[in-house]
Structures are given as structure tokens and as C-alpha cells.
Amino acid sequence: MFNIVLITPQIPNNTGAIGRLCVNTGSTLHLVKPLGFDIDQKAIRRAGLDYWHRVDLKVWSSMEQFLDSIADHSRLFFATTKTDNPYFEQEYRAGDYLLFGSETTGIDEALLREYRAQCITIPMAKEGRSLNLAISSAIVLYSAIEKNYASFKELKCTQS
């Protein structure tokens, strides 16, 4: 349905939880190296529970390799705290790429400048600094699904 892209993720538990999210939404998980862990680590499997083997997973050796594989860069959306564009004001389409940076450093500033119009943010109170990566991914992904719910239902999804 959608593509979740984690750029240099550092925490295996977050990646495992996002993998589980991807399985439950029919989405593909892309991991852009370098990774802060081995994808065979027990922590990822534990966080992903019995879903990890079902993850539609693509691992890229670099951001350049990932970007070279994408035909339409206008369908890339970069989640960051460095924009005022709320995620819920975007018009998402099935197949879009939702990109999230490392838990410690976020997305490289040069990428954010290059794709400024495609940067999105999750509004937060001034007391907050950032949200957990897995939570952020879920918030944005389910907003995109909401705007494409007819297509999502065709995946023969169940309701919880």
C-alpha cells in the first residue's frame, strides 16, 4: 500500500515495531544503511513478534542507491521537525514513500533542503522535542491510509 523508509535507524526495537506495522498495513519497509544494528538481531524479532518473517523488506546500501531506484521523487515525503507543513495536509497516494530519519540525528539537512516542499511534520506542543520513531511512522502511515481507505479495503484487511 505504502512504503516506509527508515534512514540509518539506530534502535532495533523501533525497526521491529515498524516492521509489524508494515505487515499489518500491507506496506513495504525500506532500510537505508548504515544501520545501528544487525537485522537478524533478537531485539528486532522480539519487537516484530511473529511478524518479522512476513515483512516486505528492502535494504539499501546508501541513500543514493535508494533515491536512484525511485522513478518519481515527487512521491517522497520526509518527516522532520524542521518544517511547518503538517503531515495531515498532504495528499497521499498508494505507493508513496514516507521517509523517517535516524532516532538520534533525523534526516540529513541537505536532503531536507532539496525536498523542502515534501517535508512534513507532526505538530507537537512546545514542551516536546520529538516522538518515538515507531509512533511517528504509525501516525503518518495511518493518515495516508485514511486518505486512501477505499484502496486499503481492497487489500482484504480486517478491522480490529
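Rule-based calculations on the coordinates, nothing more; no lab input. What you see is a predicted model; the values in this text were computed from it and never measured. Reconstructed Cβ throughout: ideal geometry from the backbone, glycine too, with neighbour counts over all protein chains shown.
Centre-to-centre, using Cα atoms only, segment 132-150 and segment 80-99 are separated by 10 Å.
Beta-bridge orientation, the chain: approximately 5 percent antiparallel, per DSSP, counting only bridges with both partners inside.
Cross-link partners of K126 among aspartates and glutamates, defined as those whose alpha carbon lies under 18 angstrom from its own and excluding same-chain residues fewer than eight positions apart: D84. Per residue, the convex hull around the alpha carbon atoms of the chain comes to 120 Å³. Mind checking which lysines have their C-alpha under 25 Å from K153, skipping anything on the same chain fewer than 8 residues away? Here the lysines satisfying the reach criterion relative to K153 are K58.
If we count every other residue with Cβ under 13 angstrom of F77's Cβ, Lys/Arg +1 and Asp/Glu -1, where does the sum land? Present the calculation step by step, with values, prior to reporting the outcome.
On the way: positive: R75, R93, R116, K147; negative: D72, E89, E91, D96.
Around F77, the surrounding residues sum to 0.
Counted residue by residue at 0.36 nm each, then reduced by the alpha carbon distance between them, the extension gain from D38 to M124 reaches 27.8 nm. Straightening the chain between E89 and V59 buys 7.9 nm, computed as 0.36 nm per residue apart minus the Cα-Cα spacing. Of the peptides 64-72, 8-16, the ranking by mean beta-carbon count within 10 Å, highest at the top, reads 8-16, 64-72. Each semi-axis of the equivalent ellipsoid for segment 91-144 is √(5λ) with λ an eigenvalue of the Cα gyration tensor; in descending order they amount to 18, 16, 11 Å.
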